[in-house]
C-alpha cells in the first residue's frame, strides 16, 4: 500500500503525478526534454540509459516502462536492448554506448564516482560533450524518478503490463497527465 | 577540472545549466516549484531537507548553497538549522520536521527504504499527506541535483561563498540563468 492515499488505477509515477498536479508539470516536461528533446543521443539510447539506471536502483516500475520504451523504439533489436541492461560490458552495443553506460552506472552510485578516465574513455569511443552531459543528467534524473516512485510505495504493475506501456511512451512521449 | 568544457566563473550547477540551456529551464523551474511553490512545508523547512540530503550525498556545492538559503530564511535560528544537518535526531526542531528528515534520509539511500512505520511516525507528529509527498519528492530531486553537479565535476566555491549565495536564493528564489 502506498504511504499516501494515491488515486486508484494509476500505477507507478502516475499516482503521485495525479496526487500533486502542482509538481507534475515540470516533472513530466523534464522527462520529455531529457528523453525526446534535441540531443545527439537517439531516443532509444536514452531510454536504455534510463532503464539501466532504474534497474540498478531496483525500481521495477521505471525499469519496466523504460525498458519497454527502448524495445519499442528499437524494434527488431530487442535482444540487444535486453543484453544492454543485463551486462553492458558484454552486450553487442556500440563502444560509445558501453562507455556512457559505465558513466551512468557511476552516477547511480554517487556523482563523485565519475572519473576523468571514464569521461576520456567515452570521448575516445566517440562521445561528444553533449552526449556526456546528457548521460549524466539522465542518470541523475532517474535517481530522482526511481526514488519518487519507490519512496511513496506506489503500485507496481505486473511484468505483462510494460510492453503496452513502452509502445505508448515510444509513440507519444511524456505528457502531463 | 570539469569533465566537459563548462563556462568559466559559474560554480556548481550554474555551469551545466549554462552549457545546456535546453535542459536548464525545466530544472530551474522545478527547483522553484519544489522549494518555493505552494506547500504546507515552509520554504525554510524545505531548504533544510534539501541541504540535509545534499550533505548525505556529499555534495558540497548543493549543501553549502541550500544550507545558506535555510539560514537566510530562518534568520536568528542559524544554530538550529546547523544542528538539523549535523544530527537531526538530537536537534531542537519540531517532531514533525525530525520525522520528515528520517524519511528524507531513507530516500537518499534508496527509495525502497521508506517504511510504513516512518510514514506513520511522521503522520503522528502532525505531517499531512502533502508534507510527506513533498518531502519524498524534494529528497529524490536532490539525489538528482547532487549527482548532476558532482557527476560532471563542476567547480566548488570556497565555504566563504555560500552565505551570499544563500541570501540571494532566499530573496530571489530559483530562476533560469
With the Cα gyration tensor of the protein assembly as shown giving a ≥ b ≥ c as the square roots of its eigenvalues, does the rule (a/c under 1.5 for rounded; else a/b larger than b/c for prolate; else oblate) give rounded, prolate or oblate? oblate
Cα gyration tensor shape for the range A:114-177, rounded if a/c is under 1.5, else prolate or oblate: prolate
Mind checking the angle between helix B:60-73 and chain B's longest principal axis? C-alpha axes, 0 to 90 degrees, to the nearest 10. 60
With Cα atoms, 0 to 90° folded angle of helix B:21-36 axis to chain B main axis: 30
For residue B:128, inter-copy label-point distances (7 Å, Cα→Cβ), nm, shortest first, read 5.0
What's the extension gain from residue A:120 to residue A:95 if we count 0.36 nm per residue and subtract their Cα-Cα distance? 7.7 nm
With axes computed from alpha carbons, what is the tilt in degrees of helix A:43-56 against the longest principal axis of chain A, rounded to the nearest 10 within 0 to 90? 70
Evaluate E = 1/(1 + (r/R0)^6) for residue B:175 and residue A:159, where r is the Cβ-Cβ distance and R0 equals 51 Å; express this FRET efficiency to the nearest 0.05. 0.75
In peptide B:146-158, how many Cβ atoms from other protein chains are near each Cβ within 10 Å, on average? 6
Distances from residue B:10 to the same position in the other copies: list them in nm, one decimal, shortest first, using label points 7 Å from Cα along Cα→Cβ. 3.4
For a footprinting-style exposure proxy, rank B:28, A:23 by other Cβ within 10 Å, fewest first. B:28, A:23
Counting alpha carbon pairs within less than 8 Å and at least 6 residues apart, what relative contact order, in whole percent, applies to chain B? 37
What shape does the range A:44-172 take by its C-alpha gyration tensor, where a ≥ b ≥ c are the square roots of the eigenvalues and a/c under 1.5 counts as rounded, a/b above b/c as prolate, and the rest as oblate? oblate
Out of B:151, B:105, B:166, any idea which swings most in a Gaussian network model of chain B, alpha carbons joined below 10 Å? B:151
How many Cβ atoms of partner chains, on average, are near each residue of A:107-118 if near means within 10 Å of its Cβ? 5
Along Cα→Cβ at 7 Å, what distances in nm separate the residue A:76 label point from those on the other copies, shortest first? 7.0
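Bear in mind that the values in this text are calculations on the coordinates, not laboratory data. These numbers come from a predicted model, not from an experiment. Note that we place each Cβ from the backbone using ideal geometry, even for glycine, and neighbour counts take in every protein chain shown.
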